[in-house]
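S.K.: Right, I'll just put the structure down here and ask away after.
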Amino acid sequence: MNDHRGSSSRGTRLPEGDSASERWEIDPTRSSLSFNLRHIVVQQIRGRFERWGGTLFVDRRQPWLSSVNVWVDLASVTTDDVERDAHVRSPEFLDVARFPRAEFKSTNVEVPGGQVVVEGLLSLHGIVHDLEIRAEVEVGDATESPAGHGRTVYIARGVIDRQSFGLHWNQDLDVGGIVVGDEIEITAKVEVFRRVGG
């Protein structure tokens, strides 16, 4: 059983294509990777990563042979608060000087009932753990560019237990309890395009 989980409310499909094996690239200019973290004072910390990307290899005939590879430049994190961002990047939290990138590599892809469930390994802060991501296609967003390249928009979600990755920083409250929660909710709006020849 995976330690981490994702959630989704709608079914989905793989991007349209006409070959058994296809290569799709994440378009970073039209995609976003955001996160939410519970905070006792401000209720939630919302942030995003400005630099990230990846590749999807899609096999429609045998979906379990499909794969997903995603990388994230951790120094590109922003919560729209300069002081907090510096702390998140510091050795007390992400320690981006030592661990500049996070990477996710799938180990299994399933399409139960039309939904895409991706199981894989997330490498973060020098530690590797299982992560499950559930994805859906935004209705009406499977399109074709003027050049004839297919484009699809996915909404993907997962939950990370930060303690499992050695991200232990916190503060105790005088009245009991802690300031920052352990679960980090990840949401990615991913626009992918069919690579020519892929």
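The values are calculated or read from the model by the stated rules, or taken from the named source; none is laboratory data. What you see is a predicted model; the values in this text were computed from it and never measured. Cβ coordinates were reconstructed from backbone atoms using ideal geometry, including for glycine residues, and neighbour counts include every protein chain displayed.
S.K.: Do you know which residues across segment 128-166 are of a type in the set (F, W, Y) and either at pLDDT below 90 or surrounded by fewer than 19 Cβ atoms within 10 Å (Cβ to Cβ) (or both)?
M.R.: Result: no residue meets the conditions.
S.K.: Condition first: at pLDDT 80 or above and crowded, with 18+ Cβ neighbours inside 10 Å. Can you find one or more residues in segment 174-184 that meet it?
M.R.: Yes, because at least one residue in segment 174-184 is at pLDDT 80 or above and crowded, with 18+ Cβ neighbours inside 10 Å.
S.K.: Tell me, which residue of segment 86-109 that is surrounded by 18 or more Cβ atoms within 10 Å (Cβ to Cβ) and among the β-branched types (V, I, T) is nearest to T55 (Cα to Cα)?
M.R.: Looking at residues that are surrounded by 18 or more Cβ atoms within 10 Å (Cβ to Cβ) and among the β-branched types (V, I, T), I get V109.
S.K.: Residues that are small (G, A, S), in contact (Cβ under 8 Å) with a residue 12 or more places away in the chain and in contact with a Ser or Thr (Cβ under 8 Å, 6 or more places away or on another chain), at least 2 per element: which strands (runs of 3 or more DSSP E) completely within segment 58-133 meet that?
M.R.: Strands (runs of 3 or more DSSP E) meeting the threshold: 101-110.
S.K.: Okay, moving on. If you take the residues of segment 21-44 that are farther than 15 Å from G150 by Cβ and either loosely packed, with under 13 Cβ neighbours inside 10 Å or aliphatic (A, V, I, L, M) (or both), which of them is modelled with the highest pLDDT?
M.R.: Going through the qualifying residues, I end up with L33.
S.K.: Kindly indicate whether V118 is surrounded by 18 or more Cβ atoms within 10 Å (Cβ to Cβ), β-branched (V, I, T) and within 19 Å of R60 (Cα to Cα).
M.R.: Yes, satisfied.
S.K.: List the number of the failed condition for V82; all other conditions in (1) surrounded by 16 or more Cβ atoms within 10 Å (Cβ to Cβ); (2) more than 22 Å from S21 (Cα to Cα) hold.
M.R.: So V82 meets the others, but not (1).
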